[in-house]
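Okay, so here's the structure we're looking at.
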Amino acid sequence: MTTAARALRERAGKLKRRYGITPAQWQMMWDRQHGLCDICAKPLKERAHVDHDPKSGRVRGLLHGFCNKMLNRRYTAAMFARAARYLESPFDGRDL
Ligand SMILES: [Zn+2]
């Protein structure tokens, strides 16, 4: 077995063990996202992180490592929605 074939086989095993997906499913997620990160919408590299919900195991998509780290267990979707409203608010404390 060549080094490249061994690397592909190891990657396939890792995807199956960690996330329960095949390389073909990984590729379909890549194509679905058009090679862009689902958080920042910038181009992903070939080694994009597979983001999954550790509680349910649901594989949510492919992200940059940095973007994936923002989704730690401390934050909820509701908190991110509030953060988006906070950032987009026209409030300026200098106007008080
Ligand atoms: Zn990103």
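The values are calculated or read from the model by the stated rules, or taken from the named source; none is laboratory data. Being a predicted model, the structure only gives us computed values, none of them experimental. All Cβ positions, glycine included, derive from the backbone under ideal geometry; neighbour counts span all protein chains shown. Each accessible area value is taken on the protein alone, full model and side chains, heavy atoms only, with ligands, DNA and RNA left out. Shrake-Rupley method; radii C 1.70, N 1.55, O 1.52, S 1.80 Å.
Would the stretch 4-23 turn up any residue that is exposed (fewer than 10 other Cβ atoms within 10 Å of the Cβ) and hydrophobic (A, V, I, L, M, F, W, C)? The answer is yes; a qualifying residue exists. Taking the stretch 54-69 as the range and being over 10 Å from the mean Cα position of the chain (by Cα) and under 21 Å from LEU36 (Cβ atoms) as the test, only ARG58 passes. In the stretch 1-33, of all residues being assigned to a loop (DSSP other than H, G, I, E, B) and of a type in the set (S, T, N, Q), the one that is nearest to the ligand (Cβ to nearest atom) corresponds to GLN33. Number of residues in the stretch 34-65 that are open to solvent by 60 Å² or more (accessible area, probe 1.4 Å), more than 9 Å from the ligand (Cβ to nearest atom) and in a loop (DSSP other than H, G, I, E, B) equals 8.
Answer yes or no: is there a residue in the stretch 72-91 that is without any contact (Cβ under 8 Å) to a residue 40 or more places away in the chain, in contact with a strand residue (DSSP E or B) (Cβ under 8 Å, 6 or more places away or on another chain), of a type outside the set (Lys, Arg) and outside any strand (DSSP E or B). Checking the stretch 72-91: not a single residue is without any contact (Cβ under 8 Å) to a residue 40 or more places away in the chain, in contact with a strand residue (DSSP E or B) (Cβ under 8 Å, 6 or more places away or on another chain), of a type outside the set (Lys, Arg) and outside any strand (DSSP E or B). Evaluation of ASN68 against the conditions (1) out of contact with any helix residue (DSSP H, G or I) (no Cβ under 6 Å at 6 or more places or on another chain); (2) more than 10 Å from the ligand (Cβ to nearest atom); (3) assigned to a helix (DSSP H, G or I) shows that the sole unmet condition is (2).
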